Amino acid sequence: MRNAVAILGAGTQGRRLAYMWSSRGRPVHLVDQAPAALEGALKDIDNFKNTVGKSDGHQGGSITTFGGENLNEALKSAWLVVEVSLDFGSTQQ
């Protein structure tokens with residue numbers, strides 16, 4: 001059954017979207033190439049749960065992290081995929 005939301009990118013927007021979907025009871029698969037980004041995202045999401053989540057009725061959806069090498073696994077049970085990662089290295093000013 002496909003019921004997870006896969007979010008590609010664990011930066012500021014990705015972690016907020018992960019919190020939002022999990023707060024509504026959805027399982028979330030958070031994917032990023034950088035382990036530090038995934039670790040930071042989980043810390044921020046826990047902080048959101050302990051502050052905003054107390055007043056908005058967080059429904060406790062799970063958040064599972066995946067490195068980029070496990071993208072296929074993260075997408076297997078996803079009904080929605082949101083890409084929020086940007087490649088700033090290719091942007092010219």
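Of note:
- Built from the Cα atoms of the chain, the convex hull projects on average onto 6.5 nm², one quarter of its surface area.
- Mean Cα-pair separation over length for the chain, i.e. relative contact order, pairs under 8 Å, 6 or more apart, %: 43
- Legend: P(r) of the stretch 1-51 from all alpha carbon pair distances, 10 Å bins from 0, whole percents, reading 29, 57, 14, 0.
- Computed helical MRE - 222 nm, the chain, DSSP H runs ≥ 4 contributing -39500 (n - 2.57), nearest 500: -12000 deg cm²/dmol
- Cross-link reach list, aspartates and glutamates versus Lys43, counting only Cα pairs under 16 Å and skipping chain neighbours closer than eight places: Asp32
- Carbon and sulfur %, accessible surface of the chain computed with the full protein complex present, 1.4 Å: 49
The values are calculated or read from the model by the stated rules, or taken from the named source; none is laboratory data. Please read all numbers here as calculations on a predicted model, not as lab measurements. Please note that ligands, DNA and RNA were not included when accessible areas were found on the heavy atoms of the full protein model with its side chains. Shrake-Rupley method; radii C 1.70, N 1.55, O 1.52, S 1.80 Å.
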